[in-house]
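Structure first, then comments.
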Amino acid sequence: MNEVVNGIAGRDVDLATIATGTGMDFVRTFGIPTKFDDAVRVAVTGVPRTIDAGRVRYRTWGGEDAERWFANVGSVGMSGAVAQRANGMSKALGGKATFFYVLTRVFLEWENTEVTVRLDDTERRGLMHDVIVANGVWHGGGMMLAPGAQPDDGLFEVVLIGDIGKVDFLTTAPKLYKGKHVNHPKVEVLQSRRVDVDAAEHLPIEVEGEQVGTTPAVFEVVPGALRVRVPISS
């Protein structure tokens, strides 16, 4: 889906989605069914809904400047390593179980890093675990990472996960699926049209489940850049 988004963003084209990926998170936001026949029916008879898109500029692993569009979620930090490992293993357990297993394994190996995040009118600096830049609510196989995100309000929901440790993870990880993790004192939720992320070391960047490169990164929201076919009642 992300490859298609990168081909049609900003163009006069409708995006119709038949979900076959590991997480199927994008379709949750719009009530698009996951069963094949039902998804095809929405693709044919659904109504177009105009939404925002994200655009991120970053550094490739080879050191070159690059740019990519996304419709749902981009992130910087441990989630990039989670995406890389999840994409390299069997999905026989299903998306939700696969992502949670990998999340736990990678967390035990991850070291939080000094990160600087610049938003429209504020800045945050300190040890961080993850920076989530969300246009949609769900990510990682049904985790409600950004429960307040609206795909058509011209803003990202930015979730900063600070210097959490093993105890924080054990008590909070199950809450990811209901969006209750945002109540943790080391989690902050902000809104911004632009998000600049840099770190003391190169951190992996993940865009819709694919690790694409490293920091420094600049995320910008582009209002109304996509049209998605959604169910008539959506």
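Out of the range 212-234, which residues are over 17 Å from Gly154 (Cα atoms), surrounded by fewer than 19 Cβ atoms within 10 Å (Cβ to Cβ), in contact with a strand residue (DSSP E or B) (Cβ under 9 Å, 6 or more places away or on another chain) and not hydrophobic (A, V, I, L, M, F, W, C)?
Pro216, Pro231, Ser234
I'm told Tyr58 meets every condition in (1) surrounded by fewer than 17 Cβ atoms within 10 Å (Cβ to Cβ); (2) assigned to a strand (DSSP E or B) except one. Can you identify the failing condition by its number?
Status for Tyr58: all satisfied but (1).
Within the range 139-161, is even one residue of a type in the set (Val, Ile, Thr), outside any strand (DSSP E or B) and more than 13 Å from the chain's Cα centre (by Cα)?
no
Kindly indicate whether any position in the range 186-194 is modelled with pLDDT of 95 or more, touching a helix residue (DSSP H, G or I) at 6+ places or on another chain (Cβ under 9 Å) and charged (D, E, K, R).
Yes, the conditions are met somewhere in the range 186-194.
Restricting to the range 197-212, give me the number of residues that are of a type outside the set (A, V, I, L, M, F, W, C) and modelled with pLDDT of 95 or more.
1
Pick from the range 1-27 the residues that are modelled with pLDDT under 90 and not aliphatic (A, V, I, L, M): which of them is farthest from Pro147 (Cα to Cα)?
For the range 1-27, the residue satisfying everything is Thr20.
Does the range 145-168 hold any residues that are more than 17 Å from Val131 (Cβ to Cβ) and of a type outside the set (Val, Ile, Thr), and which are they?
Matches in the range 145-168: Gln150, Pro151, Asp152, Asp153, Gly154, Gly165, Lys166.
Is it the case, given these coordinates, that Pro174 is under 23 Å from Met1 (Cα atoms) and either free of Cβ contacts under 8 Å to residues at least 60 places away in the same chain or outside any helix (DSSP H, G or I) (or both)?
no
Just checking, which of Gly165, Gly209 is out of contact with any strand residue (DSSP E or B) (no Cβ under 7 Å at 6 or more places or on another chain) and without any contact (Cβ under 8 Å) to a residue 24 or more places away in the chain?
Gly165
Can you list the helices (runs of 4 or more DSSP H) lying wholly within the range 1-45 that have 3 or more residues being buried (at least 17 other Cβ atoms within 10 Å of the Cβ) and hydrophobic (A, V, I, L, M, F, W, C)?
26-30
Take Asp198 and tell me if it is crowded, with 16+ Cβ neighbours inside 10 Å and in contact (Cβ under 8 Å) with a residue 60 or more places away in the chain.
Criteria met by Asp198.
Hey, does the range 127-143 have a residue that's modelled with pLDDT of 95 or more, in contact with a Ser or Thr (Cβ under 9 Å, 6 or more places away or on another chain), on the phi < 0 side of the Ramachandran plot and charged (D, E, K, R)?
no
With the condition kept exactly as written, say whether any residue in the range 162-181 is under 11 Å from the mean Cα position of the chain (by Cα) and crowded, with 18+ Cβ neighbours inside 10 Å.
No, the range 162-181 contains no residue that is under 11 Å from the mean Cα position of the chain (by Cα) and crowded, with 18+ Cβ neighbours inside 10 Å.
So how many residues does the range 101-149 have that are of a type in the set (D, E, K, R) and touching a helix residue (DSSP H, G or I) at 6+ places or on another chain (Cβ under 9 Å)?
3
The values are calculated or read from the model by the stated rules, or taken from the named source; none is laboratory data. Treat the numbers as computed from the prediction; the structure is a model and nothing was measured. Neighbour counts run over all protein chains shown; Cβ positions are idealised from the backbone, glycine included.
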